[in-house]
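**Q** This structure is in structure tokens; I'll ask about it shortly.
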Amino acid sequence: MNAEAQTKSGLYLFYLDFIRPVLKSGRGLFGLVVIVAMVLMTTIGPSLIPLDTEIKPSMRWCLPSSEHPLGCDYMGRDLLSMIVHGSREVFLIPFIATIIGVVGGMSVGLLAGYIGGIARRALTAVTDVWLTIPSFPVIFILAYTLPKSPITIAALLALFSWPGLARALAAEVSSLKTRDFVEACINLGLSKLHILFREIGPHLLPFVTYNFASLFVANMTSLISIVLLGVAPLNPTNWGYLLNQMIFTYKGLLIPNGSVIIFLVISIFVIIKLGVVLFAQALEEVFNPRLRAYE
Amino acid sequence: MSDELKSGEGLKPKLALRNLRMEYLVREGSIKAVSGVTLFIDEGKITAIVGESGSGKTSLVETFLKILPKNARIRGGEALLRLSNGGEVDLVKADERTMGRLRGKVIGYIPQGAQNSLNPVLTVEQHFVETLKNHGLWDQESSVSEIRSMLSLVRLDPDTVLKKYPFELSGGMKQRVVIALTMVLKPELVILDEPTSALDVFSQRVLLNILSNVSMQYRNTMVLITHDIPVVAELADRVAVLYAGTVVEVGDTYEIFKEPLHPYTSMLISAIPSVADIYVKRIPKPVPGEPPSLLNPPPGCKFHPRCPYAVEKCRTSEPPLYEPKKGRFVKCWLYSGGEKL
Amino acid sequence: MSHVASVKNVSKVYTRGVFRKRLIQALMSISLEVPDKGLISLVGESGSGKTTLGKILVGLTMPTSGELSWKGTTVIKDGKITQRDIYLANRHKFVYVHQDPYTALNPSKNVKNILEPVIRRYKKHLSDADRFRYIKELLEEVGLVPAEYFVDKYPHHLSGGMRQRLSLARALIVDPHLIVADEVVSMVDPSIRVSLINLLKKIVESRGTSIVFISHDLGAAVYAAGDSPMYVMLRGLVVESGPANEIIYRPEHPYTRALISNIPVPLVLSERKVRGLDGVIESESARSPNVSSLCPFSQMCPLLDAECSSLTPGSYMKVGPNHYSLCVKAGKLPRWRPSWLPAASG
């Protein structure tokens, strides 16, 4: 191939390779915006927008306005500030849980897949059993009964995050192991660790990225759901708690304005989920062509 | 033989490609896969289009058959197909409906690896029936015997093969079934892309015989796309050599091999090792360098970086297609003015 | 004469199916030697067992029975490793280069990162600066020049021929005793096949590495071996072996003769004439009934007769100083010339 096409600077090519395709695809752009918003919400959000603790009975269930961009809750407090302050618990705990689950799942999956044979079959057996356990009811019950702390909840979520990934990863590695370039590395005596992490590893990127995003979204949903259904939150700004209060305690669904506000909270959560997933999809598309050899 | 060849006068060619241009749009720019192809395919003959990877031979066929991928753009030129009823159609300008009517019944196309595209859940017989019915050629009385004679033509025993499923047949047999399926529609123009590449020596030999017989029996026009020089030497009447998306030489097989005019043609033929080498005391010599990038092709003649005869003119301007003799074309400055420099 | 690798009576049987009942005999009773600092060719169609044999020679596949020896020491016998420490210490010196240049290289790594792990493993003593120089020299040795241009390219930037050169470069880092080049020119443009074969020959010459050149292309195999040994394989057996040039001139096996005769050759006649199938029985009905033979060519051989049932795999007829044939009629075969040779000249 011609030298000229490749002398464009490395940085430009990085832009072409990763950033531009993501920006160009509608999904990528949308997802990126959502993720940036999420990051801002958890980091500088709470300092920029003070938590409105003032109870204003006259402002109960007020609809979105210039003063209250997302309206007010059942106590007349600004909803936007509740959402922003609650975002920390709603994003960070599932995020940490997902990281633990993915790292755990990857370690087990990679090793089992690479070793193959009995190790892989044992892993498959264990994960198959694990996957049949209905995760949500179990998480709910355990979260309800065990002492409340961020670690407990993160651990519970992580516990059910790793099996699916481990199993699928083991299958991926197993199949990649048979590829010619891996055989060449084995033939040349390169260490198993090197082959696993430096040769096979990069090929797993798209797969892991997408799984990470799905798990993150699932864990967020689990967390909000268990709090919505009555498990005590760590912080009253937890969106699940907001919804719990709005729907059950203050019967918001029976009030027209109330329904709108509840719908608004749910919608925000749905948009977040959508953004994360779509961004992961866009990233996956970007990773894949790089790894596929073309003629 | 030379009398029948033309460049616009006398007998008109079955397929006349003029200045065909096509490019693929990719993120780094555009790949000029077909850059100004002018080629006349004679009727009733087997013409081979020879090229290596990056020559654009498959792209060329996809261009005039209009089966290009989404990122392809036809930038100009025409592909005039002369029909048996006397009419003419420019394939480049034809719409999808017209192409649909032509594909199968008028133009037969056997792409590379076609033997793997047989429907695994249909028997050979069912394949034929379906093909004929889809093109409205199924006739209760005559079709059965036509199918049988077509299978015999490709040296397959109808009684053995008709009831079999594709997985029960060898690669060579499947390839022959595909050829029979294509030919049963009696197309006027048949295009085959690397028909012998996946076959062992004996199956290949049988297939070459079959193709030759089909050509002689049906007197149709065949276009063979390949990089296999020895196969071309045996099977083709005419040869067109493609390099970097353009035609560099055209002529009768015998003349091209006896006296190749374009430096690339001559070097390419000399580069192939053969079992015959020891008998004729020949040592193959590789072609230096690499095929050029079609993303950023070299200026002037695209072969000049590898050409031992290149002069300043070759580096700056692309030569036109000269015709030093009737029916003999070469795209090289060495032949300007009909003379060798 | 010393051999860098040799196999004696080696066979390979694969078991397939759910109950492992179906047996596939990939190799049957093969004995051959790879000379030190030499190049030999293995020729055969797909299914002939040439890849299996190539992989056995470098220790990638375990033979079901028979012996594998490296530099005179038997390392594998009857399905077991006999000299474990010697085997493990020398495995990396017997390298296998794959056919498909598109899958043999990790697509997510550039040239430098493909070569570096191997260099770090086998040339630990090199400093960073030395390592860079080593890479440069290596790339120049295999013809990827200018080296600076290639170091940061990814496989998809390279042509098939360039990729094969890179695979070879990677193999050379270990200073191998033997390279098994399996169909390394099959997926490469015809015009540069010869330059790759020339590179292999150069490697034999300059480094003293032995090379086993595996190909289905008889022309390429003969060009590579020249007067060195060539082994013609069919369905798991070697049917003929000897100096490549001699085999082409004086083939002493019906299969070899049929191969030579039926390959298309670029000798052109003024009028198109496609030669018929020569020396091969195509249809089953034309075969001699009542003759069962272990000969791998018996299904298609025009010379099949009662004598052929006495054939024993592994026992060869000597038809020249280094020239052997599996055919029981070797030495008594009728006079022959390839069908593409014009009748007049010789």
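**Q** How many partner chain Cβ atoms sit within 10 Å of a residue's Cβ in peptide C:246-255, on average, as a whole number?
**A** For peptide C:246-255, the averaged partner shielding equals 1.
**Q** Okay, moving on. Chain A: D in µm²/s via Stokes-Einstein (Kirkwood Rh, Cα pairs, 37 °C, 0.692 mPa s)?
**A** 151
**Q** What residues of the stretch C:141-167 lose no less than 30 Å² of accessible area with every protein chain in place versus their chain by itself (probe 1.4 Å, heavy atoms only)?
**A** C:Y149, C:H156, C:H157, C:M162
**Q** Further question: Please work out the FRET efficiency for the pair B:E259 and C:K77, using the Cβ-Cβ distance as r and a Förster radius of 60 Å; give the result to the nearest 0.05.
**A** E between B:E259 and C:K77, to the nearest 0.05, is 0.50.
**Q** Normalise the Cα radius of gyration of the protein assembly as shown by 2.2 N^0.38 Å (N = residues in it) and let me know the number.
**A** This ratio for the protein assembly as shown stands at 1.14.
**Q** Any chance you could give the angle, 0 to 90 degrees and rounded to 10, that helix A:256-291 forms with the longest Cα principal axis of chain A?
**A** Tilt of helix A:256-291: around 10 degrees.
**Q** Considering only protein heavy atoms and a 1.4 Å probe, what is the carbon-and-sulfur percentage of the accessible area of the protein assembly as shown?
**A** Exposed carbon and sulfur together represent 58 percent of the surface.
**Q** A follow-up question, please. For the cross-link pairs B:K164/C:K21; B:K93/B:K258; B:K174/C:K153; B:K302/C:K50; C:K273/C:K318; B:K174/C:K8, which exceed 32 Å when the distance is taken from alpha carbon to alpha carbon?
**A** Details: B:K164/C:K21 26 Å; B:K93/B:K258 38 Å; B:K174/C:K153 40 Å; B:K302/C:K50 40 Å; C:K273/C:K318 37 Å; B:K174/C:K8 38 Å.
Among B:K164/C:K21; B:K93/B:K258; B:K174/C:K153; B:K302/C:K50; C:K273/C:K318; B:K174/C:K8, the Cα-Cα distance tops 32 Å for B:K93/B:K258; B:K174/C:K153; B:K302/C:K50; C:K273/C:K318; B:K174/C:K8.
**Q** With only alpha-carbon atoms counted, please give the Rg and Dmax of the stretch C:100-191, in Å.
**A** Taking only Cα atoms of the stretch C:100-191, I get Rg and Dmax of 12.8, 40 Å.
**Q** Still on this structure, I have one more. Suppose R0 equals 30 Å. What FRET efficiency, 1/(1 + (r/R0)^6) with r the Cβ-Cβ distance, do B:R27 and A:I151 give to the nearest 0.05?
**A** It comes to 0.05.
**Q** For peptide A:194-203, how many partner chain Cβ atoms fall within 10 Å of a residue's Cβ, on average? If you can, show how the numbers build up before the last one.
**A** Details: counts 4, 2, 0, 0, 6, 6, 2, 1, 4, 3.
Counting Cβ atoms of other protein chains within 10 Å of each residue's Cβ and averaging gives 3.
**Q** Take every residue in peptide B:287-296, count the Cβ atoms of other chains within 10 Å of its Cβ, and give the average of those counts.
**A** Working: counts 6, 3, 3, 9, 6, 2, 8, 2, 4, 5.
Mean partner shielding for this stretch: 5.
**Q** For the stretch C:111-151, compute the orientation-averaged projected area of the C-alpha convex hull (one quarter of its surface), in nm².
**A** Average projection, Cα convex hull of the stretch C:111-151: 2.6 nm².
**Q** Helix-only estimate, please: 222 nm mean residue ellipticity of the protein assembly as shown, summing -39500 (n - 2.57) across DSSP H runs of length 4 or more and dividing by its residues, to the nearest 500.
**A** Values: 36 runs with 406 residues, N = 982.
So the helix-based figure for the protein assembly as shown works out to -12500 deg cm²/dmol.
**Q** Stick to Cα atoms and the Kirkwood definition of Rh, then tell me Rg/Rh for chain B.
**A** 0.98
**Q** Would you mind telling me which residue in A:T42, A:T178, A:T152 has the biggest mean-square fluctuation in a Gaussian network model of chain A, where springs connect alpha carbons within a distance under 10 angstrom?
**A** Most flexible of the set in this elastic network: A:T178.
**Q** For the stretch B:194-275, what is one quarter of the convex hull surface built on the Cα atoms, given in nm²?
**A** Spelled out: convex hull of the Cα atoms, projected over all directions, averaged, 6.0 nm².
**Q** Quick one: which of B:312-321, C:264-273, B:203-212 comes out on top by average Cβ neighbours within 10 Å, and what's the full order, highest first?
**A** B:203-212, C:264-273, B:312-321
**Q** While we're here: Report Rg(Cα)/(2.2 N^0.38 Å) for chain C, keeping two decimals.
**A** This ratio for chain C stands at 1.08.
**Q** Against the longest alpha carbon principal axis of chain B, how many degrees, from 0 to 90 and to the nearest 10, is the axis of helix B:142-153 turned?
**A** With both axes taken from Cα atoms, the answer is about 50 degrees.
**Q** While we're here: Given the options A:H85, A:H194, A:H68, which has the most mean-square fluctuation in a GNM of chain A, springs set between C-alpha atoms less than 10 angstrom apart?
**A** Judging by the Gaussian network model, the answer is A:H194.
**Q** Order B:276-282, C:170-176, C:84-90 from most to least packed using the mean count of other Cβ atoms within 10 Å.
**A** Packing proxy ranking, top to bottom: C:170-176, B:276-282, C:84-90.
**Q** What translational D, rounded to a whole number of µm²/s, comes out for the stretch C:70-121 from Stokes-Einstein when the hydrodynamic radius is the Kirkwood one over Cα pairs, at 4 °C and 1.567 mPa s?
**A** My calculation gives 95 µm²/s for D.
**Q** For all pairs of alpha-carbon atoms in the stretch C:209-346, what percent lies in each bin of width 10 Å, listed from the first bin to the last filled one?
**A** 11, 39, 35, 13, 1
**Q** Please determine, in degrees from 0 to 90 and to the nearest 10, the orientation of helix A:135-145 with respect to the longest principal axis defined by the Cα atoms of chain A, where the helix direction is its Cα long axis.
**A** Computed tilt is about 50 degrees.
**Q** Would you list which lysines come within 29 Å of A:K148, measuring only between C-alpha atoms, while excluding same-chain residues fewer than 8 positions from it?
**A** Straight-line reach from A:K148, under 29 Å: A:K251, A:K273.
**Q** May I ask for the net charge around A:I35, where only other residues with Cβ less than 14 Å from the Cβ of A:I35 are counted and Lys, Arg are +1 while Asp, Glu are -1?
**A** Net charge around A:I35: +2.
**Q** Placing unit charges on C-beta atoms (Lys and Arg positive, Asp and Glu negative, everything else neutral), compute the dipole magnitude of the stretch B:140-221 about its Cα centre in debye, rounded to 20. Spell out each step's value before the answer.
**A** Values: 9 positive and 9 negative charges, 23 e Å.
Dipole size: approximately 100 debye.
**Q** Quick one: accessible area per residue over the protein assembly as shown, 1.4 Å probe, rounded to a whole number of Å²?
**A** Value returned for the protein assembly as shown: 43 Å² of accessible area per residue.
**Q** Ratio of alpha-carbon Rg to the 2.2 N^0.38 Å globular estimate for the stretch A:137-295, to two decimals, please.
**A** So the Cα radius of gyration is 1.43 times the expected 2.2 N^0.38 Å.
**Q** If I build a Gaussian network model for chain A, linking alpha-carbon pairs within less than 10 angstrom, which residue out of A:Y74, A:Y114, A:Y250 has the largest mean-square fluctuation?
**A** Answer for the Gaussian network model of chain A: A:Y250.
**Q** Right, here's the next one. Taking just the C-alpha trace of the stretch C:22-133, give me its Rg and Dmax in Å.
**A** Values for the stretch C:22-133 (Cα only, Rg and Dmax): 17.3, 55 Å.
**Q** Quick one: Cα convex hull volume of the stretch B:225-311, Å³ per residue?
**A** Spread over its residues, the Cα hull of the stretch B:225-311 gives 108 Å³ apiece.
**Q** Treating only the Cβ atoms of Lys and Arg (+1) and Asp and Glu (-1) as charged, compute the dipole magnitude of the stretch A:24-130 about its Cα centre; round to the nearest 20 debye.
**A** Values: 8 positive and 7 negative charges, 98 e Å.
Computed about the Cα centre, the dipole is about 480 debye.
**Q** Could you compute the net charge surrounding C:P321? Neighbours are other residues with a C-beta less than 14 Å from the C-beta of C:P321; K and R count +1, D and E count -1.
**A** Charge balance near C:P321 sits at -1.
**Q** So how strong a dipole does the stretch C:157-225 carry about its Cα centre when Lys and Arg Cβ are +1 and Asp and Glu Cβ are -1, to the nearest 20 debye? List each step's numbers first, then the result.
**A** On the way: 7 positive and 6 negative charges, 43 e Å.
Roughly 200 debye for the stretch C:157-225.
**Q** Moving to a separate point now. How big is the gap, in Å, between the Cα center of the stretch C:157-173 and the Cα center of the stretch C:210-263?
**A** After rounding, the separation between the Cα centres reads 26 Å.
**Q** So, one more: Within the stretch C:51-134, how many lysine pairs that are 8 or more places apart, or on different chains, have C-alpha atoms less than 25 Å apart?
**A** Eligible lysine pairs with Cα atoms under 25 Å apart amount to 17.
**Q** Moving on. Per residue Cα convex hull volume for the stretch B:26-118, in cubic angstrom?
**A** Values: hull volume 13.6 nm³, N = 93.
Value for the stretch B:26-118: 146 Å³ per residue.
**Q** Of all the Cα-Cα pairs you can form in the stretch C:188-243, what percent are over 15 Å apart?
**A** Numbers: 792 of 1540 pairs.
Of all Cα-Cα distances in the stretch C:188-243, 51 percent exceed 15 Å.
**Q** If you take the charge dipole of the stretch C:1-149 about its Cα centre, with +1 on Lys and Arg Cβ and -1 on Asp and Glu Cβ, which of C:F94, C:V13, C:L27 is farthest toward its positive end?
**A** C:V13
**Q** Suppose we take every Cα in the stretch B:1-158 and form the convex hull; what volume per residue is that in Å³?
**A** Numbers: hull volume 27.5 nm³, N = 158.
Value for the stretch B:1-158: 174 Å³ per residue.
**Q** Could I ask something else about it? Take the Cα gyration tensor of the stretch B:43-90, multiply each eigenvalue by 5, square-root it, and list the three semi-axes largest first, rounded to whole angstrom.
**A** Numbers: eigenvalues 100, 57, 13 Å².
The equivalent ellipsoid of the stretch B:43-90 has semi-axes of 22, 17, 8 Å.
**Q** Could you list log10 I(q)/I(0) for the stretch B:132-193 at q = 0.17, 0.27 Å⁻¹, which the Debye formula gives when each Cα is one point scatterer?
**A** -0.61, -1.28
**Q** Excluding A:V108 itself, what net charge comes from residues whose Cβ is under 15 Å from its Cβ, given Lys and Arg +1 and Asp and Glu -1?
**A** Counting the neighbours of A:V108, the net charge comes to +1.
**Q** A:A122 to B:S170: FRET efficiency via 1/(1 + (r/R0)^6), r the Cβ-Cβ distance, R0 51 Å, to the nearest 0.05?
**A** On the way: r = 42 Å, r/R0 = 0.82.
Here the calculated transfer efficiency is 0.75.
**Q** Another question, then. How high is the relative contact order of chain C? Use alpha-carbon pairs under 8 Å, at least six apart in sequence, and give a whole percent.
**A** 19
The values are calculated or read from the model by the stated rules, or taken from the named source; none is laboratory data. Quick caveat: nothing in here was measured; it's all calculated off a predicted structure. In this analysis, Cβ positions are derived from the backbone assuming ideal geometry, glycine residues included, and neighbour counts consider all displayed protein chains. Surface areas here come from the heavy atoms of the whole protein model, side chains and all, with no ligands, DNA or RNA. Shrake-Rupley method; radii C 1.70, N 1.55, O 1.52, S 1.80 Å.
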